[in-house]
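Everything below concerns the one structure shown next.
Throughout, read-outs are computed from the coordinates displayed, never taken from laboratory work. Because the structure is predicted, anything quoted here is derived from the model rather than measured.
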C-alpha cells in the first residue's frame, strides 16, 4: 500500500496541540500510520531514521515536500531528539512549529542554538 501523504499530514494537523507535549515521536508515528504505513516503535525520536528507511522512506535533500519526515538528533536538555512531518507549510510534531526560515524545523531555542544533525526522509 502506498503512503497517503495527504492523510498523514491531515492527521498531524488535526491532532497537533497548542504547544509541545514531549511526545513528538508518538504523534508523527501515528500520522505516518494514518497514511497507511505501519511503523515500528522506537523509544526516542532520534532513532526513527532506520525504521523509516525500512518501510520505504529515503533520505532527501532540498526544499521539503508535503509528507517529508525530519529526524533531528539531541540538543542540550533534549536527549530524545525530535521528529516532525511537513504539511506543505510548516513542520508538525505534537504541535505546529510556526518558526519559518532556514531553521523552521528546529522545535525550540536549544535546537536553534546548537543546530544538531538532522536527516529528512521522503517516501518514494
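Observations
- For the chain, the longest principal axis of the C-alpha atoms and the axis of helix 5-15 are separated by about 50°.
- Cα long-axis angle, helix 24-34 against the chain (0 to 90 degrees, to the nearest 10): 20 degrees
- Rel. contact order, % - alpha carbon contacts under 8 angstrom, at least six apart, the chain: 32 percent
- If the Kirkwood radius is taken over C-alpha pairs of the chain, then at 4 °C and 1.567 mPa s the Stokes-Einstein diffusion coefficient equals 93 µm²/s.
- Bridge type composition, the chain - antiparallel percent by DSSP, nearest 5: 95 percent
- Counting all C-alpha pairs of the range 2-59, share separated by more than 17 Å (%): 37 percent
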